[in-house]
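Comments concern the structure below.
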Amino acid sequence: MTAKKELRGFVDRIEGDKAVVLVGEHEQWTLVVAKDLLPEGAGEGSVLRITIRCDAKQTAEAAQQVSESIDKLTHRGDT
Amino acid sequence: MRKILPIIVVALLPVCIAALVALGPEHRGSSPPDGRLEVHFLDVGQGDCILLQTPDGRNVLIDAGDRDSAEDVVRYLDRHGVDRIDLLVITHPHMDHIGGLPRVLERFGVSQVIDAGYPHGSQTYKEVLSSFQARRIDYRRGSAYQRPQVSKSVSLDIIWPADDYVPSGEAALNNGSVVVRATYGDVSLLLPGDIQSEAEDRILAARRELQSTILKVAHHGSQESTSNEFLQVVWPQYAVISVGAENQYGHPGRAVLRRLNACGAAVYRTDHNGNIVFTTDGRAVQVATER
């Protein structure tokens with residue numbers, strides 16, 4: 001399993017302040033995102049490369065923060 | 001054998017009658033009864049799909065909804081006796097108008113295609129164009145003043161885009177939609193795809209005959225479309241908004257609904273009414289809704 005994956009995105013249309021992006025080689029998913037999220041120069045008809053990358057450091061930090069919160073909640077009566 | 005045959009015929013007769021009764025009135029071939037034109041606005045959620053069944057048995061399909069509704073579209077066409085699509089109009093190649101086409105093309109033969117013909121690089125559009133090529137379907141770009149000859153009784157006029165129109169900007173494809181006006185006797189129908197105010201202004205400037213009994217409200221009732229000036233000229237008795245329930249684009253816009261009410265049009269919406277069918281003999285119009 002690779003640390004990152006790339007997908008084809010296609011900006012099918014702009015609907016008001018939203019961009020409708022068809023995702024996958026067969027356009028099997030549809031993402032509706034704020035138009036402002038599109039990179040500069042992209043618009044209706046643009047082909048995008050969408051990269052999905054796992055951030056191991058932030059994953060561990062997020063889990064640690066939640067763990068600390070649970071610890072605090074479960075030991076509130078200890079002191 | 002000669003003695004057996006009448007027995008078989010007599011035995012099968014009730015089965016045949018029962019089968020005909022079970023098929024019901026919808027299985028009557030492509031031709032609406034009594035020389036009427038039927039205009040079906042299919043409930044395809046957020047998208048457009050319109051079927052015209054002419055008195056002389058021709059089927060005209062305008063767009064095919066989004067991919068999610070493809071099976072519903074095919075079932076609906078089957079139920080209404082469509083065996084072939086005589087003319088397919090692709091108003092423009094956005095997914096909510098062409099997503100159902102690959103499945104429709106798998107199921108039905110198509111005689112002629114009129115398409116906006118803009119270089120939109122989605123995989124779905126490429127697949128659709130390849131299918132036309134592989135099946136050698138008569139394909140042409142829609143352009144104002146064309147009059148496709150499909151039916152002897154229902155005339156079709158292409159109102160837009162103009163030959164010299166070059167779509168640009170954020171609403172390029174919407175504004176480049178193929179706009180069709182159909183006329184049967186005294187009854188007319190305007191199908192403007194997803195055009196917005198820029199194209200509406202250009203169409204008004206061309207001073208074509210636009211007044212129509214039934215208006216398919218452009219771009220799912222978006223507030224960038226259906227200007228007051230446009231409505232004043234079209235002045236429809238009936239307006240149909242093809243729109244998905246609780247869609248995330250805010251369609252239809254409140255201002256558009258106000259403008260439609262102000263001009264006195266009876267407004268029907270696929271999200272409220274489901275499939276909407278207009279039937280006309282060229283003078284009177286009847287409307288039937290699914291809910």
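The values are calculated or read from the model by the stated rules, or taken from the named source; none is laboratory data. Bear in mind the structure is a predicted one, so any value in this text is a computation, not a measurement. With ideal geometry, Cβ positions are generated from the backbone for all residues, glycine too; neighbour counts draw on all protein chains shown. Side chains included, ligands, DNA and RNA excluded: accessible areas come from the protein's heavy atoms. Shrake-Rupley method; radii C 1.70, N 1.55, O 1.52, S 1.80 Å.
By how many nm would the segment from B:Gln248 to B:Arg208 lengthen if fully extended, with 0.36 nm per residue of separation less the alpha-carbon distance? Let's see the in-between values first.
Numbers: separation 40, 0.36 × 40 = 14.40 nm, distance 3.44 nm.
Value of the extension gain: 11.0 nm.
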* To do: Using per-residue counts of other Cβ atoms within 10 Å, averaged over each peptide, order B:247-256, B:56-65 from highest down.
  => B:56-65, B:247-256
* To do: Choose one of B:Ile203, B:Tyr238, B:Val287: the residue whose Cα lies farthest towards the positive end of the charge dipole of the protein assembly as shown (beta-carbon charges +1 Lys, Arg; -1 Asp, Glu; about the Cα centre).
  => B:Val287
* Structure fact -> Between B:Asp164 and B:Arg258, the two model label points (7 Å from Cα along the beta-carbon direction) sit apart by a distance in nm of 3.7 nm
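Where does the charge balance sit around B:Ser227 when Lys and Arg score +1, Asp and Glu -1, over other residues with C-beta under 13 Å from its C-beta?
On the way: positive: B:Arg202, B:Arg258, B:Arg259; negative: B:Glu198, B:Glu200, B:Asp201, B:Glu224, B:Glu229.
Residues close to B:Ser227 contribute a combined charge of -2.
What's the magnitude of the charge dipole for chain A around its Cα centre, counting Lys and Arg as +1 and Asp and Glu as -1 at the beta-carbon? Answer in Debye, nearest 20.
Details: 11 positive and 14 negative charges, 36 e Å.
Charge dipole of chain A: 180 debye, to the nearest 20.
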* Asked: If the viscosity is 0.692 mPa s and the temperature 37 °C, what translational diffusion coefficient in µm²/s does Stokes-Einstein give for chain B when Rh comes from Kirkwood over Cα pairs?
  -> 167 µm²/s
* Which of the pairs A:Lys18/B:Lys216; A:Lys4/A:Lys72; A:Lys35/A:Lys72; A:Lys5/A:Lys57; A:Lys5/A:Lys72; B:Lys126/B:Lys152 have their Cα atoms more than 29 Å apart in this structure? -> A:Lys4/A:Lys72; A:Lys35/A:Lys72; A:Lys5/A:Lys72; B:Lys126/B:Lys152
* Structure fact -> Contact order relative to length for chain B, counting C-alpha pairs under 8 Å separated by 6 or more residues, stands in percent at 16 percent
* Asked: Which of B:Leu87, B:Leu191, B:Leu105 moves the most in a Gaussian network model of chain B with Cα springs under 10 Å?
  -> B:Leu105
* region B:55-114 shape via C-alpha gyration tensor axes, a/c threshold 1.5 -> oblate
* Around A:Ile14, what is the net charge, scoring Lys/Arg as +1 and Asp/Glu as -1 over all other residues with Cβ under 10 Å from its Cβ? -> -2
* Asked: Cα centroid distance between region B:181-227 and region B:232-269, in Å?
  -> 12 Å
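I need the fraction of alpha carbon pairs in region B:224-291 separated by more than 14 Å, rounded to a whole percent. If you can, show how the numbers build up before the last one.
Numbers: 1419 of 2278 pairs.
The share of Cα pairs beyond 14 Å in region B:224-291 comes to 62 percent.
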* To do: State the percentage of accessible surface on the protein assembly as shown attributable to carbon and sulfur atoms; use a 1.4 Å probe and exclude ligands, DNA and RNA.
  => 52 percent
* Asked: Can you tell which of B:Phe41, B:Gly57, B:Ala134 lies farthest toward the positive end of the dipole of region B:25-135, using +1 and -1 charges on the Cβ of basic and acidic side chains (Lys, Arg; Asp, Glu)?
  -> B:Ala134
* Asked: Taking N as the number of residues in region B:64-167, what is its Cα Rg relative to 2.2 N^0.38 Å?
  -> 1.08
* Structure fact -> Largest fluctuation, B:Ile203, B:Ile195, B:Ile214 only, Gaussian network model of chain B with Cα springs under 10 angstrom, belongs to B:Ile203
* Cut-off 11 Å, label 7 Å out along Cα→Cβ of A:Arg49, residues of region A:1-39 by amide N -> A:6-8
* To do: Kindly identify residues of region B:62-89 having a loss of at least 30 Å² in accessible area between the isolated chain and the assembly of all protein chains, probe radius 1.4 Å.
  => B:Arg67
* Structure fact -> For B:Glu290, placing the label point 7 angstrom along Cα-to-beta-carbon and taking region B:251-283, residues whose amide nitrogen sits under 12 Å are B:270-277
* Structure fact -> Amide H proximity to B:Gln196 below 5 Å, modelled H, separation 5+ or other chain, gives B:Asn175
* For the Cα atoms of chain B, what angle does the longest principal axis make with the long axis of helix B:4-23, in degrees from 0 to 90, nearest 10? -> 20 degrees
* **Rounded tilt (10° steps) of B:123-134 against the dominant C-alpha axis of chain B** => 50 degrees
* Amide H neighbours of B:Val267 under 5 Å, at least 5 residues apart or on other chains, H built in the peptide plane: list them. => B:Ala239
* **Net charge over other residues, Cβ less than 12 angstrom from the Cβ of B:Arg291 (K, R count +1; D, E count -1)** => -2
* Asked: How big is the protein assembly as shown by Rg and Dmax over its Cα atoms, in Å?
  -> 25.1, 104
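With a 1.4 Å probe and every protein chain left in place, work out the accessible area per residue of chain B in Å², rounded to a whole number. Walk me through the numbers on the way to the answer.
Values: 12940 Å² over 291 residues.
Per residue, chain B has an accessible area of 44 Å².
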* To do: Calculate how steeply helix A:56-74 sits against the longest principal axis of the alpha-carbon atoms of chain A, using the helix alpha-carbon long axis, and give the answer as 0 to 90 degrees to the nearest 10.
  => 40 degrees
* To do: Please give the average number of partner chain Cβ atoms lying within 10 Å of the Cβ of each residue in A:7-18, rounded to a whole number.
  => 6
* What full-extension length gain, to one decimal in nm, is calculated for B:Arg107 and B:Ser130 as 0.36 nm per residue of separation minus the Cα-Cα distance? -> 6.7 nm
* Asked: If R0 is 45 Å, what FRET efficiency do you get for A:Ala63 and B:Gln123 from their C-beta distance, rounded to 0.05?
  -> 0.75
* Asked: Taking amide H positions as placed 1.01 Å from N in the peptide plane, with prolines and chain starts having none, which residues 5 or more places from B:Val113, or on another chain, fall under 5 Å of its amide H?
  -> B:Leu88, B:Asp138, B:Tyr139, B:Arg140
* Per-residue HN-Hα couplings for region B:170-179, Karplus 6.51 cos²θ - 1.76 cosθ + 1.60 at θ = phi - 60°, whole Hz, x for Gly and Pro? -> 5, 9, 4, 5, 4, 5, x, 3, 6, 10
